[in-house]
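J.: One structure coming up, written as structure tokens, with questions to follow.
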Amino acid sequence: MPVDTQRLAQQVMSRCDELAGCSSESGRITRLYLSEPMHAVHTRVTEWMRLAGLSPRIDHAGNCIGRLTSPTAEKALLIGSHLDTVPGAGRYDGVLGVLMSVAACHLLSGTSLPFHLDVVGFSEEEGVRFKMPYLGSSAVSGAFDPTWLDRTDANCICMRDAIKAFGLSPDAIADCKYAADEVIGFVEPHLEQGPVLERLDSPVGVVTGIAGQSRLRIVFRGEAGHAGTSPMEGRRDALVASAKLVRIVRDEAIRSSGLKATVGSLQVAPGTPNVIPGCVELTLDVRHLDDPTRETAVERLIAAGHRAADAEGCRMEVLEHNVHHSIQADDRLASLLSETVSEHATEPVLMESGAGHDAVVMGERFPMAMLFLRHPGGVSHHPDERVNVEDVVVGIEVLAEYLKKLSGHYQQVSLNTS
Ligand code: HGY
Ligand code: MN
Ligand code: MN
């Protein structure tokens, strides 16, 4: 019986709903790295992978990987996205791309591919628990730094212990790595998380590149004191100094075209109503498609932070500064994807991604391409995330056609070079 794509798309939607129930908080979706609800997600996703003909496994970084084995192949094509969420997330960021990939495998059943197809549900992309993003894809790409295992979460649990508690072995993380010569590429289907496709009335888009990102952890140190007895003059209030920087960050980004800059979290110590804030730790996230523009903006913001600290009698220190440079999609993979979209659905919209994705880390080592799905309303990292089932139909069909097209192309290239 032919597989009905409409039914598959409905199934993707109801599976997204089901995974939304796997949360560590009632009433909202929060699913962090190596958390209990991630076990529940793995149980369901591995079952769905088996139903689609894949052989699933969980690697030692907690990635859920299902293989559609090709008897003659030596190399693999990876496709998928992430299974973790931000706190208070929507139900489609990450999960949709994994489940659409599984659905595309259903559509392909009976088709023999010249490569293994590995559908990946990455364990950690958002960087919430250990304040470090892309942990799952870093393990797969080989970029995982073993010193990260010593990082601690908000409850002082280190990553090494969290991995063990999840039933995995931190010492075997290196085994998660795929060698560059065993990977054809990585394809990530993902919700757009913005308004472009909706404005252009297009169900899908092809990503040409992803903005670079700087993530900083900054601390302001002042002096705590009694809120009732300390004179207002001469206070060294770390929150007042931080607040000045928060405002400067927003203003700087408004002034500079294409710059996105956000202070996303503040931890105030001692954090009680009747004590002057003596210490504030904050995170700063800065993004731009042009790396030099982003780097200059970060330098300016750090300098402004020092000035704000000085003006309030405080000191500012950058505790951590992580950078992911902007990255371009692979020309060959992206143009074949555009070709598939124009043959199957519509004139392809070529677009940049302001959001970060596992494709950033995977693309540093392997050829990568991304397919975006229209996002009604465009609001993401928020419970209001939405998706049209008709667009999911298009997305699944495009993915399946694309994999067939890649097969033909890959066979041709292999024959020509053998
Ligand atoms: O932060 C990001 O851009 C992504 O959603 N993790
Ligand atoms: Mn996200
Ligand atoms: Mn995502």
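J.: Among (1) within 22 Å of His306 (Cβ to Cβ); (2) open to solvent by less than 60 Å² (accessible area, probe 1.4 Å); (3) in contact (Cβ under 8 Å) with a residue 40 or more places away in the chain, which single condition is Arg215 missing?
T.: (2)
J.: Still on this structure: Kindly indicate whether Val240 is of a type in the set (Val, Ile, Thr), in contact with an Asp or Glu (Cβ under 9 Å, 6 or more places away or on another chain), touching a residue at least 60 places away in the same chain (Cβ under 8 Å) and open to solvent by 50 Å² or more (accessible area, probe 1.4 Å).
T.: yes
J.: Now for a different question. Take region 24-46 and flag every residue that is closer than 16 Å to Ile65 by Cβ and open to solvent by 70 Å² or more (accessible area, probe 1.4 Å).
T.: Selection gives Thr43, Arg44.
J.: What are the residues in region 101-137 that are of a type in the set (Gly, Ala, Ser) and either more than 25 Å from Met368 (Cα to Cα) or within 16 Å of ligand 2 (Cβ to nearest atom) (or both), if any?
T.: If the condition is that a residue be of a type in the set (Gly, Ala, Ser) and either more than 25 Å from Met368 (Cα to Cα) or within 16 Å of ligand 2 (Cβ to nearest atom) (or both), then Gly110, Gly121, Ser123, Gly127, Gly136, Ser137 are the ones that fit.
J.: Is there a residue in region 84-105 that is in a strand (DSSP E or B) and within 16 Å of ligand 3 (Cβ to nearest atom)?
T.: Within region 84-105 (the criterion being in a strand (DSSP E or B) and within 16 Å of ligand 3 (Cβ to nearest atom)), the answer is yes, since at least one residue qualifies.
This table checks each residue for (1) within 20 Å of Ala73 (Cβ to Cβ); (2) open to solvent by 20 Å² or more (accessible area, probe 1.4 Å); (3) out of contact with any His (no Cβ under 8 Å at 6 or more places or on another chain).
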{"site": "Leu350", "(1), (2), (3)": "no, yes, yes"}
{"site": "Asp358", "(1), (2), (3)": "no, no, no"}
{"site": "Leu373", "(1), (2), (3)": "no, no, no"}
{"site": "Val379", "(1), (2), (3)": "no, yes, yes"}
{"site": "Ile396", "(1), (2), (3)": "no, no, yes"}
{"site": "Leu399", "(1), (2), (3)": "yes, no, yes"}
{"site": "Val413", "(1), (2), (3)": "yes, yes, yes"}
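J.: Of everything in region 10-23, what is open to solvent by 70 Å² or more (accessible area, probe 1.4 Å) and without any contact (Cβ under 8 Å) to a residue 24 or more places away in the chain? Give them in sequence order.
T.: Within region 10-23, no residue meets the criteria.
J.: Let me ask something else about it. From the list Val318, Val349, Val298, Val286, exactly one residue is touching a residue at least 40 places away in the same chain (Cβ under 8 Å) and assigned by TED's automatic domain parsing to the domain that holds Leu197. Which is it?
T.: Of Val318, Val349, Val298, Val286, the one residue that is touching a residue at least 40 places away in the same chain (Cβ under 8 Å) and assigned by TED's automatic domain parsing to the domain that holds Leu197 is Val349.
J.: Can you find even one residue in region 239-255 that is of a type in the set (S, T, N, Q), over 17 Å from Ala308 (Cβ atoms) and touching a strand residue (DSSP E or B) at 6+ places or on another chain (Cβ under 8 Å)?
T.: no
J.: Do you know which residues across region 251-290 are within 16 Å of ligand 1 (Cβ to nearest atom) and surrounded by fewer than 19 Cβ atoms within 10 Å (Cβ to Cβ)?
T.: Gly258, Lys260, Thr262, Gly264, Ser265, Thr283, Asp285, Leu289
J.: Same structure again: List every residue pair whose Cβ atoms lie under 6 Å apart, where the two residues are 6 or more positions apart in sequence or sit on different chains, the first residue falls within region 190-201 and is under 10 Å from Leu373 (Cα atoms), and the second residue, located anywhere, is aromatic (Phe, Trp, Tyr) and within 12 Å of ligand 3 (Cβ to nearest atom).
T.: Between residues of region 190-201 that are under 10 Å from Leu373 (Cα atoms) and residues that are aromatic (Phe, Trp, Tyr) and within 12 Å of ligand 3 (Cβ to nearest atom), the close pairs are Leu191/Tyr92; Glu192/Phe372.
J.: Within region 101-119, is there a residue that is farther than 20 Å from Leu19 by Cα and of a type in the set (Asp, Glu)?
T.: The answer is yes; a qualifying residue exists.
J.: Can you tell me how many residues in region 70-87 are open to solvent by 10 Å² or more (accessible area, probe 1.4 Å) and either within 16 Å of ligand 2 (Cβ to nearest atom) or at pLDDT 95 or above (or both)?
T.: Residues in region 70-87 being open to solvent by 10 Å² or more (accessible area, probe 1.4 Å) and either within 16 Å of ligand 2 (Cβ to nearest atom) or at pLDDT 95 or above (or both): 3 in total.
J.: If we only count strands (runs of 3 or more DSSP E) wholly inside region 309-418, which ones have 1 or more residues that are away from ligand 1 (no atom under 16 Å from the Cβ) and out of contact with any Phe, Trp or Tyr (no Cβ under 9 Å at 6 or more places or on another chain)?
T.: 315-324, 349-353
J.: Let me ask something else about it. Any residue at all in region 316-325 that is surrounded by 19 or more Cβ atoms within 10 Å (Cβ to Cβ) and away from ligand 2 (no atom under 16 Å from the Cβ)?
T.: yes
The values are calculated or read from the model by the stated rules, or taken from the named source; none is laboratory data. Note that the structure is a prediction, hence the values are computed from the model and not measured. FYI the Cβ positions are ideal-geometry reconstructions off the backbone, even for glycines, and counts take in every protein chain you see. Note: areas computed on protein heavy atoms with side chains; ligands, DNA, RNA excluded. Shrake-Rupley method; radii C 1.70, N 1.55, O 1.52, S 1.80 Å.
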